[in-house]
Amino acid sequence: MLFLLSLAVLEGVVLENQTGKPLARAEVTLEVMQGQSGGPTRVLTGADGGFRFVSLSAGTYQVTARRKGFEIGRHGQARAEDAASPIVLAEDGHFSAVLRLRRPAGISGTVLDENGVGLPGVQVVAYTTGKRGRVAASTQSDDRGRYRLWPLLAGRYAVSTGPHRLEDGTGLLPTWLGNTVERGQTRLVDAASEQDVSGADLAPISGKLAGIRGIVGGEGLSRVLLRSEYGFRETNLKIGNSFEFQGLAPGDYELSVKGNGISAWKRVRLAGEDLYVEMKAGPSPKLRVHCRSEGGKAVPDGSASLFPEPRDPVEAMEVRIGCGETAALDAGEYRLRAVTASNVYLESLSVRRSADSESETFEVALDPGQVSDVILTFGGKPASVEGVVKLGEREGAPGAPVFLRALDPDLYARSGGLRFSRADAEGRFRFDGLPPGNYEAVASFRFTREREEEWSRGSGKAIRVQEGAKEAVDLELF
C-alpha cells in the first residue's frame, strides 16, 4: 500500500511599500525556526514579485526579502527595523505572505562656508546615538556643497563634518549640526524609512588642525591604521618605517600596526600641535584562559568560552578561547565577553598581568609581547528563567523573540550581556546558566539585539533570580 505524505506550501509576493508595485529579482529567504532540520532556502522573485516554497514539513518558519536599494523586509513587521513574525505550517498547510520593502532613510543638507556658499569635498558623517555610537554613514559634499547620507535605518543620528583644510590653509574643525564643536550640544536628527530629512545644513567652524607623525620599530610592517570618532585612516610606512597623518582635529586617536606575528598600538591625544610618536612592534600579545570553581572542584570541559572583541573594530572578527586555551591577538584594547554552559554561571572574571597584579575587569589593553591570564570563576548552581509568551487570550505566541538583561552593570557583563531566546511552537521560552541577581525581560517583535538602546531601562518585566532557582514568568507580547 502506498502512503502519500501531505507537504506544506508557503508562497507570497514582494512589493515596493510606497507604490505597491511588485519587485522582481528580490532574494527571498526561508529559515526554519522549529520543525525540520536544514539550512535556509533562497529563491528569486519573478517578474510579478511572486515566490513559492513547496514540499515543506510541518514547523515554524520565518521569511525575509532583500533587494539592492531597499531595507530588508520581514514577514509581519510593522516597521523596517522590526523582527520577523513566525509562520506556523501544519503538515498539509498553505500560507500566503506579503512582504513590503521600504527605502532606507536619508539625511541631506549643504556644507556652507563663512559666506553661506557651498563647500565641496568636505566629509560628512552620521553617527548612531546609542551607548556605543558608531559611524552609520559617511559621504563627501559635492561640487555645490550638497551631501546626502544614505542608506540609514530608521532612528536618531548625530551629524558632523570631518576635519578639512581649505585652499588658503585655513583649517575647519569637525562641526556638529547646530553649529557646535561639542558633540554633547549637537542637534539630533530623527530619520524614518522612506523619508529624507532635508535642510541639515552644516557650517564648519575654523580652527587649528595638526598632524601625527612618527616611526615604528620592527620588521615586516607595511601600513599604519589611525582610529578616531571620525572613522579610520590608513597610510603606508615610508623608508625607515616612518609615517604621517595630516589635517587632524584635536581629540583622541589610536594608532595600530600589524605584520606577520607582530603588532603594536598606541593611544594618543592631539591637543592642536603636531605630535611625534614612537612605536615599537613586538610579538603579538596572548590571552590565556583559566577556569576554576569557587569550591575548588574540577571544571567540566566546555564550561565556557571567552570572546575578546576589539573596542573599535575595523572589520568583523570572532576569536573564541576555551578553558585552558591560549590565543594570539593583535595589540590593542578589547572587551571580554564570556559565554558559559547551562550547568554553571560566571561568578567573576579577572585579568592577571603579573604575579601581584590581578583585577576584576571586562576590558583589557594588550601590549606587544605581553601574556595576560584571564581567570573565569564559576558558581555551580546556576539559575534559569522560563515561561510562556502570551498574546491576548491566546495561550502562546510561537516564535516570539524574548530578551533578558541584567539591571546591574557587573551582572550584565557576567551574564553575557543582552540574552536572546525565541519562543517555541507553544510560546515557551527558557534562559539557562544565569548568575543570581535582578533582571528584566521583554517579548517583542519590535526589538533587535543591535538596537538595544530602544529598550529603556525599567520597561521590561522585573525578575529577581535566586541562586540555583528556576524562576517561572509569563510575558505579554509587546
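Every number here is computed from the coordinates shown, using simple stated rules; none is lab data. Keep in mind the model is a prediction, meaning the values are calculated, not measured. Ideal geometry is used to build each Cβ from the backbone, glycine not excepted, and the neighbour counts take in all protein chains shown.
I'd like the GluC sites (Glu not before Pro) in the range 199-282 restricted to DSSP loop residues with at most 10 other Cβ atoms within 10 Å, sorted by number.
Glu219, Glu273
So what are the ³J(HN,Hα) numbers for the range 220-232, from phi and the Karplus equation (6.51, -1.76, 1.60; θ = phi - 60°), rounded to whole Hz, Gly and Pro as x?
x, 9, 10, 9, 10, 10, 10, 10, 7, 5, 8, x, 10
Tell me the net charge near Ala47. Cut-off is 13 Å between Cβ atoms, Ala47 excluded, with +1 for each Lys or Arg and -1 for each Asp or Glu. Don't skip to the end; give the middle numbers.
Numbers: positive: Lys21, Arg25; negative: Asp48.
Result for the neighbourhood of Ala47: +1.
Note the direction-averaged projected area, equal to a quarter of the hull surface, for the Cα convex hull of the range 226-362, in nm².
Result: a mean projected hull area of 10.9 nm².
Roughly how many Å is it from the Cα centre of the range 324-390 to that of the range 419-435, as a whole number?
Measuring centre to centre over Cα atoms gives 23 Å.
Answer rounded, prolate or oblate for the range 204-283, using the Cα gyration tensor with square roots of eigenvalues a ≥ b ≥ c: rounded when a/c is under 1.5, else prolate when a/b is larger than b/c, else oblate.
Working: a/c = 2.31, a/b = 2.04, b/c = 1.13.
Here the range 204-283 falls in the prolate category.
Using the structure shown, select from Lys68/Lys258; Lys238/Lys280; Lys390/Lys470; Lys390/Lys461 the pairs with a Cα to Cα distance greater than 25 angstrom.
From Lys68/Lys258; Lys238/Lys280; Lys390/Lys470; Lys390/Lys461, over 25 Å: Lys68/Lys258.
Above 19 Å lies some portion of the pair distances; for the range 56-150, what is it as a whole percent of all C-alpha pairs?
62
Given q = 0.20 Å⁻¹, what are the Debye log10 I(q)/I(0) values for the range 105-206, with equal point scatterers placed on the Cα positions and solvent ignored?
With no solvent term, the Cα-only Debye profile gives -0.94.
Let me know the shape class of the range 330-443, please: from the alpha-carbon gyration tensor, a ≥ b ≥ c as square roots of the eigenvalues, rounded when a/c is under 1.5, otherwise prolate if a/b is greater than b/c, or oblate.
prolate
Using the basic label-point model (7 angstrom from Cα toward the beta carbon), what is the Arg337 to Glu476 distance in nanometres?
That separation, rounded to one decimal, is 3.2 nm.
Between rounded, prolate and oblate, where does the range 384-476 land on the alpha carbon gyration tensor, with a ≥ b ≥ c its root eigenvalues, rounded for a/c under 1.5, else prolate if a/b exceeds b/c?
oblate
For log10 I(q)/I(0) by the Debye sum over Cα atoms at q = 0.08, 0.09 Å⁻¹, the listed values are (1) -0.66, -0.83; (2) -0.49, -0.63; (3) -0.57, -0.71; which was obtained by calculation from the structure presented?
Label (1) holds the value from this structure.
For His94 and Glu27, compute 0.36 nm times the residue count separating them, minus their Cα-Cα distance, and round to one decimal in nm.
Values: separation 67, 0.36 × 67 = 24.12 nm, distance 2.08 nm.
In short, 22.0 nm is gained.
Considering the zone a paramagnetic label at Ser57 would reach in this model (a point 7 Å from Cα along the Cα-to-Cβ line), which residues of the range 5-25 have amide N under 18 Å from it?
5-10
At Arg457 and Asp143, where each label point lies 7 Å from the Cα along Cα→Cβ, what is the point-to-point distance in nanometres?
Once both label points are built, they end up 5.2 nm from each other.
Do you know the relative contact order of the range 105-206, to the nearest whole percent, from alpha carbon pairs under 8 angstrom that are 6+ apart?
33
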